[in-house]
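K.L.:
Below are the structure tokens for one structure; questions will follow.
The values are calculated or read from the model by the stated rules, or taken from the named source; none is laboratory data. Since we're looking at a predicted model, the values are computed, not measured. Here the Cβ positions follow ideal geometry from the backbone for every residue, glycine too, while neighbour counts run over all protein chains shown. Heavy atoms of the whole protein, side chains included, go into the accessibility calculation; ligands, DNA and RNA do not. Shrake-Rupley method; radii C 1.70, N 1.55, O 1.52, S 1.80 Å.
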Amino acid sequence: MSQSPAPTFRLEQKRHVLKDFPGPKSSALAERRKDAVAAGVASTVPVYVQDADGGIILDIDGNSFVDLGSGIAVTSVGASEPAVVGAVAEAAGHFTHTCFMVTPYEGYVEVAERLNTLTPGDHAKKTVLFNSGAEAVENAVKIARIATGRSAVVVFDHAYHGRTNLTMALTAKSMPYKHGFGPFASEVYRVPMSYPFREENPEITGAEAAQRAITMIEKQIGADQVAALVIEPIQGEGGFIVPAEGFLPALAEWAKANGVVFVADEVQAGFCRTGEWFAVDHEGVVPDLVTMAKGIAGGMPLSAVTGRAELLDSVHGGGLGGTYGGNPVACAAALAALDVMEEQDLNAKARRIEEIARGVLEPLVGEGVVGELRGRGAMLAIELVEPGTKKPNPEAAKAIAAACLKEGVIILTCGTYGNIIRLLPPLVIGEELLTDALGVLATAIKAQ
Ligand SMILES: *Cc1c(COP(=O)(O)O)cnc(C)c1O
């Protein structure tokens, strides 16, 4: 366990929901929203937020929810971490924007230096900053293409890389991410993932699963046509799928041998979420490029591509950028958030969260609807099945999430089949609050 000081919070770290929510204020806002906000943007929880701190989200009617989603793995340091809030205020008090491509500033350079040091490998690295995860992934592909002079991009079953045109093509799941939004970008090829729980041959090793993908690449695309292989080291939206040991190293080795740029999409798994700075660190894999976003800046929009200096520098001047990329306020937030991760040893916190969660949830595995408990650190998932089978059970996932919400615990679902309960608590969550929320979850699972 870490020796770092336990954080103190403004909001009482206690679950408290009234009988009937959404309350009157949230219901009124829902009405206004219906008239004002595009129907295509959906919300998981029907309440409107007033405040958020530590592991608690407080709504405008006075309900306190335990947050086991972190706004989709973003607020790892908390949603109002004092050092981040202070850095944001300080930076905004000087300048909110100048555009790094017009008049640059130190914060951008410092974030680049920090990421060059933090990301795996001791080779020379460089960084470019953007706003969203999708933008980072798009730019990683641009960099790989210009550096290699090739065009094909290899992605995996169950992958999620974003919602822009290129990243929709990289993403696997049609509904809701791609349905009706085509045509999609060309030269994107999908190969099988290593998904231990759902392998036809349960004995298949990570190396064999990698060879299955490699054979498909070599036969159907041609290794010398491939610019980049883009993979989430632990898949996020696709179902918190942890590939079999050896899968990632074998792919990385093949990529290296064939001049293919190995891109680790760490947008969801990065920044202490899995108990290491990056999910590839668990197997010592060193990617050529790493894409980062979500947890990077304590909730402020920022993303990055970091990787081999010669790859980043193969792009002509002016070839990378964007009006807002590496916004100075977001950079200040990132620097403060990275300090918090180090000072509070959030890697150790993530591992402790795993220990606590496994203690509560492990006994349920194999019983009833619980097919598997998997993941690393504070990125854990339960795959729900029809009892006695491996048939996906999305209804159970929905029912469990709804039952938890009713008791004041926010739980997210995911997965190609919609049958995964995923846990992504803020890494600063108190152990008492976490244990309370996991108890609610366990009760909801047992009631299935
Ligand atoms: C969320 C996510 C993205 C897209 O990030 P946005 O900021 O939503 O564009 C890309 N890759 C992975 C692995 C993600 O989890």
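K.L.:
In percent, what relative contact order does the chain have, based on Cα pairs under 8 Å that are 6 or more apart in sequence? Spell out each step's value before the answer.
P.N.:
Working: 948 pairs, mean separation 100.4, N = 448.
Reported relative contact order: 22 percent.
K.L.:
To continue, here is another question. Roughly how much of Lys390 is accessible, in Å² to the nearest 10, using a 1.4 Å probe?
P.N.:
100
K.L.:
How much of the accessible area of the chain, in percent, comes from carbon and sulfur atoms when a 1.4 Å probe is used?
P.N.:
53
K.L.:
Right, something else. At 0.36 nm per residue, and after removing the present C-alpha to C-alpha distance, how many nm does the segment from Asp122 to Ile146 gain when stretched out fully?
P.N.:
Stretched fully, the Asp122-Ile146 segment lengthens by 6.3 nm.
K.L.:
What does the extension gain come out to for Ala402 and Glu432, with contour length at 0.36 nm per residue minus their alpha carbon separation?
P.N.:
Roughly 8.6 nm would be gained on extension.
K.L.:
Could I ask something else about it? Give me the percent of DSSP beta bridges within segment 84-343 that run antiparallel, rounded to the nearest 5. Spell out each step's value before the answer.
P.N.:
Values: 10 of 24 bridges.
Around 40 percent antiparallel, to the nearest 5.
K.L.:
Also, quick follow-up: Within segment 32-54, name every residue whose backbone N is under 17 Å away from a label modeled 7 Å from Cα of Arg163 along the Cβ vector.
P.N.:
Hits in segment 32-54 for Arg163 at 17 Å: 34, 36-46.
K.L.:
Tell me, rounded to the nearest percent, the portion of alpha carbon pairs in the chain spaced more than 38 Å apart. Write out the running numbers ahead of the final one.
P.N.:
Working: 20580 of 100128 pairs.
I get 21 percent for the Cα pairs in the chain exceeding 38 Å.
K.L.:
Once both labels are modelled 7 Å past Cα along the beta-carbon direction, what's the His94-Lys14 spacing in nm?
P.N.:
4.2
K.L.:
Another question about this same structure. Normalised by the number of residues in segment 84-343, what is the relative contact order in percent for Cα pairs under 8 Å and 6+ residues apart? Write out the running numbers ahead of the final one.
P.N.:
Values: 519 pairs, mean separation 80.6, N = 260.
Across segment 84-343, relative contact order equals 31 percent.
K.L.:
What number, rounded to the nearest 500 deg cm²/dmol, is the helix-based mean residue ellipticity at 222 nm of the chain, given -39500 (n - 2.57) per DSSP H run of at least four residues and division by all its residues?
P.N.:
Value at 222 nm, helices only, nearest 500: -11000 deg cm²/dmol.
K.L.:
Check each of the trypsin sites (Lys or Arg not before Pro) in segment 3-59 and keep only those in coil by DSSP with at most 15 other C-beta atoms within 10 angstrom; list them in order.
P.N.:
Passing both the DSSP loop test and the Cβ count: Arg10, Lys14, Lys19.
K.L.:
Now, a different point. Take the Cβ-Cβ distance between Glu342 and Val85 as r, set R0 to 25 Å, and report the resulting FRET efficiency rounded to the nearest 0.05. Intermediate values should be presented prior to the final figure.
P.N.:
On the way: r = 18 Å, r/R0 = 0.72.
It comes to 0.90.
K.L.:
Please sort 143-149, 230-236, 53-59 by packing, taking for each peptide the average over its residues of neighbouring beta carbons within 10 angstrom, highest first. Each step should come with its number before you reach the end.
P.N.:
Working: 143-149: 19.9, 230-236: 26.9, 53-59: 24.6.
Going by the mean number of other Cβ atoms within 10 Å, highest first, we get 230-236, 53-59, 143-149.
K.L.:
When the Cα centres of segment 334-361 and segment 405-427 are compared, how far apart do they sit, in Å?
P.N.:
One Cα centre to the other: 18 Å.
K.L.:
Rounding to the nearest 20 debye, state how big the charge dipole of the chain is about its Cα centre with +1 on each Lys and Arg Cβ and -1 on each Asp and Glu Cβ.
P.N.:
With Lys and Arg at +1 and Asp and Glu at -1, about 1080 debye.
K.L.:
How much of the DSSP bridge set in the chain is antiparallel, in percent, rounded to the nearest 5?
P.N.:
Bridges in the chain are about 65 percent antiparallel.
K.L.:
Where does each of Thr306, Thr435, Thr117, Thr443 land when they are ordered by accessible area, with a 1.4 Å probe and the largest first?
P.N.:
Thr117, Thr443, Thr435, Thr306
K.L.:
How would Trp277, Trp254 rank on accessible area, largest to smallest, probe 1.4 Å?
P.N.:
The most accessible residue leads, giving Trp277, Trp254.
K.L.:
What ³J(HN,Hα) values, in whole Hz, does the Karplus curve 6.51 cos²θ - 1.76 cosθ + 1.60 give for segment 272-287 when θ = phi - 60°, with x put for Gly and Pro?
P.N.:
For segment 272-287, the Karplus-derived couplings read 6, 3, 9, x, 9, 4, 9, 5, 5, 4, 4, 10, x, 7, 10, x Hz, x marking Gly and Pro.
K.L.:
Got a sec? Which residues in segment 63-77 would a label at Ile356 touch, if it sits 7 Å along Cα→Cβ and we count backbone N under 19 Å?
P.N.:
Residues 64-77 qualify, since their backbone N sits under 19 Å from the label point.
K.L.:
Tell me the accessible surface of Asp345 in square angstrom (1.4 angstrom probe, heavy atoms of protein chains only), to the nearest ten.
P.N.:
60
K.L.:
Of Thr413, Thr274, which has the most accessible area with a 1.4 Å probe, and how do the rest follow in descending order?
P.N.:
On the way: Thr413 60, Thr274 5 Å².
I get Thr413, Thr274, largest accessible area first.
K.L.:
Pull up the cross-link candidates among the lysines for Lys178, meaning alpha carbon to alpha carbon under 28 Å and not fewer than 8 places away within one chain.
P.N.:
Of all the lysines, those that pass the test against Lys178 - Cα under 28 Å, at least 8 places apart if same chain - are Lys34, Lys142, Lys219, Lys294, Lys390, Lys391, Lys398.
K.L.:
For the chain, what is the accessible area per residue in Å² when the probe is 1.4 Å?
P.N.:
Spelled out: the 1.4 Å probe surface of the chain, per residue, equals 42 Å².
K.L.:
Let me ask you something else. What is the distance in Å between the Cα centres of segment 153-169 and segment 6-60?
P.N.:
One Cα centre to the other: 31 Å.
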